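Contents: one structure, followed by commentary.
The values are calculated or read from the model by the stated rules, or taken from the named source; none is laboratory data. Quantities reported herein were computed from a predicted structural model and do not represent experimental measurements. Positions of Cβ are backbone-derived with ideal geometry, glycine not excepted, and every protein chain shown enters the neighbour counts. When the accessible area is computed, the model is the full protein with side chains, heavy atoms only, and any ligands, DNA or RNA have been set aside. Shrake-Rupley method; radii C 1.70, N 1.55, O 1.52, S 1.80 Å.
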Amino acid sequence: MIGCYDFCGHYEWTFGWFERTGGHALVRDYWNEAINHDSQRHARDLIRHGGIPGMLKYWGHTLAEESPSLGFNISHREDVFRIDFHDCPSRGFLLRNGLKNYRDYCDHCMGWTGPMLREAGYVIDHEHDHQGHCWWEMRPASATGGHAAPGLVAGAKDVRLRPDWPKDPAKLDRYTKANDPDAKMK
Amino acid sequence: MSTPATPGLPYTDTKPQGSPDFFYGINATFRFMLQRLGMDGWRRYLEELGRGYFAPVNRQWAEGGLGAVARYWRAFFAAEPGAVVEVVEQPDRVEVRVHECPAIKHLRAGGREIVREYCQHCYFLGSARAGAAGLTMRLSGGSGSCCHTYARADAGLAPQDLAQIKEARS
């Protein structure tokens, strides 16, 4: 039986299997069709109908369940919803267990949330360092400009204020007002 | 690779049980594969997952025999929320008697359309893993309760009849 306890492990293995079987297009389709439109349809419904309060309801529940030690922080205002991951439960599982079958596991988050938020009328600013640290800001699609300054939305809990947050931009994957997992700026 | 914190489980987390909403992801993955790649593609995925991702477990079984199989399934189901399972050791086999399948239970509670072939995954995956460990595996029942049998190759189990595996019902 495939279980939920080590889900992140076989989920990551599956990305590599899809890429070997049908290339990058099949991996993208999987994230959008199977995860966004099927598995996470409860998230889609909440956010399409509820906007930022819907995001709070979805991520507030799912992150508390996945990461009871609260390795994350949620901030929100009328015009922005933000999550800072200081210890991503999903990436952390892979790092602790030495698992890697796909070139960049972290891409899956933008792979399903990007299309989901586009359908709901939002864009994403995001950076991750592949070490279990990342941040997300979700704003209405009419938003323009670059990333908000560190601390502006999350205060002292902004992950970019960590001493181990990379100073070298080349170590970060970055998205600006994006919805596509391939819109990555290195 | 880190040292397992739970004997019998090769991959371990910091929390004692998984998040049951991940069963939505497993069910959706199966549906996507069956639609895109057909039964043969789905079966190939499960067999390769069984021999690849689960290789550390298979090695434990090959080295530890049926005792390792029993320890693994006890640890496995202890980490699956909602599971009601009994693991029975006999001289030539281990029976994993699933009285309440955690996946089917949670998918039903969440109002999800369960892939009708869902229960077959336990056979295709389990058989590949058993084969890698020099064992055989059979499955009967399904749709919420079933019995997995892992046996020594000389146990003389009858061939698997896929008709003995019930379609999963939502």
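Rank A:Gly22, A:Gly98, A:Ala154 by how far each Cα sits towards the positive end of the charge dipole of segment A:7-178 (+1 on Lys, Arg Cβ; -1 on Asp, Glu Cβ) and give me just the farthest.
Of A:Gly22, A:Gly98, A:Ala154, it is A:Ala154.
Arrange the residues A:Ser90, B:Ser127, B:Ser170 by how much accessible surface each exposes, largest first, with a 1.4 angstrom probe.
Working: A:Ser90 15, B:Ser127 35, B:Ser170 85 Å².
Descending accessible area places them as B:Ser170, B:Ser127, A:Ser90.
Which of the lysines could a cross-linker bridge to B:Lys166, judged by Cα under 21 Å and excluding same-chain residues fewer than eight apart?
Reachable lysines: B:Lys105.
Nothing charged except the Cβ atoms of Lys and Arg (+1) and of Asp and Glu (-1): what's the magnitude of the dipole of chain B about its Cα centre? Round to the nearest 20 debye.
Numbers: 20 positive and 17 negative charges, 55 e Å.
Charge dipole of chain B: 260 debye, to the nearest 20.
Taking the mean number of other Cβ atoms within 10 Å as a proxy for protection, how do you rank B:151-164, A:22-35 from highest to lowest? Please list the in-between numbers first.
Details: B:151-164: 12.0, A:22-35: 18.4.
Output ranking for B:151-164, A:22-35: A:22-35, B:151-164.
Under a Cβ-only charge scheme (Lys and Arg +1, Asp and Glu -1), can you give me the dipole magnitude of chain A about the Cα centre, in debye to the nearest 20?
On the way: 23 positive and 26 negative charges, 55 e Å.
The calculated dipole for chain A is roughly 260 debye.
Using the Karplus curve 6.51 cos²θ - 1.76 cosθ + 1.60 with θ = phi - 60°, work out ³J(HN,Hα) for each residue of segment A:93-103 in order, rounded to whole Hz, and write x for Gly and Pro.
Going residue by residue, I get 4, 5, 5, 5, 9, x, 9, 7, 10, 10, 5 Hz, with x marking Gly and Pro.
Largest first, what is the accessible-area ranking of B:Asp40, A:Asp129 with a 1.4 Å probe? All intermediate terms of the calculation are to be shown ahead of the outcome.
Values: B:Asp40 130, A:Asp129 10 Å².
These residues rank, largest area first, as B:Asp40, A:Asp129.
Are there any residues in segment B:99-120 with a reduction of at least 30 Å² in accessible surface when going from the isolated chain to the assembly of protein chains? Probe 1.4 Å, please list them by number.
Residues of segment B:99-120 that lose at least 30 Å² of accessible area once the other chains are added: B:Arg112.
Just tell me how shielded A:33-41 is by partners: mean number of partner chain Cβ atoms within 10 Å of each residue's Cβ, no decimals.
Working: counts 5, 10, 5, 1, 2, 9, 12, 4, 3.
Mean inter-chain Cβ contacts per residue within 10 Å come to 6.
Can you tell me what share of the DSSP beta bridges in chain B is antiparallel? A percent to the nearest 5 is fine.
Percent antiparallel among DSSP bridges in chain B is about 95.
Per the helix-only calculation at 222 nm, which mean residue ellipticity applies to chain A, given -39500 (n - 2.57) for every DSSP H run of n ≥ 4 and division by its residues, nearest 500 deg cm²/dmol?
Values: 4 runs with 72 residues, N = 186.
One gets -13000 deg cm²/dmol as the mean residue ellipticity at 222 nm.
Do the sum for chain B: with -39,500 (n - 2.57) for every DSSP H run of n ≥ 4, divided by all residues, what is the mean residue ellipticity at 222 nm, to the nearest 500 deg cm²/dmol?
It lands at -15000 deg cm²/dmol.
With every protein chain kept in the model, how would you rank B:Thr14, B:Thr29 by accessible area, 1.4 Å probe, largest at the top?
Details: B:Thr14 110, B:Thr29 10 Å².
These residues rank, largest area first, as B:Thr14, B:Thr29.
What is the protein assembly as shown by shape, rounded, prolate or oblate, if you read a ≥ b ≥ c off the alpha carbon gyration tensor as root eigenvalues and call it rounded for a/c under 1.5, prolate for a/b larger than b/c, and oblate otherwise? Provide the component values of the computation, followed by the final result.
On the way: a/c = 2.16, a/b = 1.86, b/c = 1.16.
In terms of gyration-tensor shape, prolate.
Magnitude of the Cβ-charge dipole of the protein assembly as shown, K/R +1 and D/E -1, about the Cα centre, nearest 20 debye? Before the final figure, lay out the partial values.
Working: 43 positive and 43 negative charges, 15 e Å.
Here the size comes out at about 80 debye.
Compute accessible area for segment B:27-45 by itself and then with all protein chains, 1.4 Å probe, and report residues whose area falls by 30 Å² or more.
Listed in order, they are B:Ala28, B:Thr29, B:Phe32, B:Arg36, B:Leu37, B:Arg44, B:Tyr45.
Could you sort the residues of segment A:90-107 by number and keep only those whose accessible area is reduced by 30 Å² or more in the all-protein-chain setting relative to the chain alone, 1.4 Å probe?
A:Phe93, A:Arg96, A:Asn97, A:Leu99
Which whole-number value in Å² is the accessible area per residue of segment B:22-164, probe 1.4 Å? Mind dumping the intermediate values first?
Values: 5580 Å² over 143 residues.
Each residue of segment B:22-164 exposes 39 Å² on average to a 1.4 Å probe.
Ignoring ligands, DNA and RNA, what percent of the 1.4 Å accessible area of the protein assembly as shown is carbon and sulfur?
Details: 7440 of 14560 Å².
After summing per-atom areas, the C and S share lands at 51 percent.
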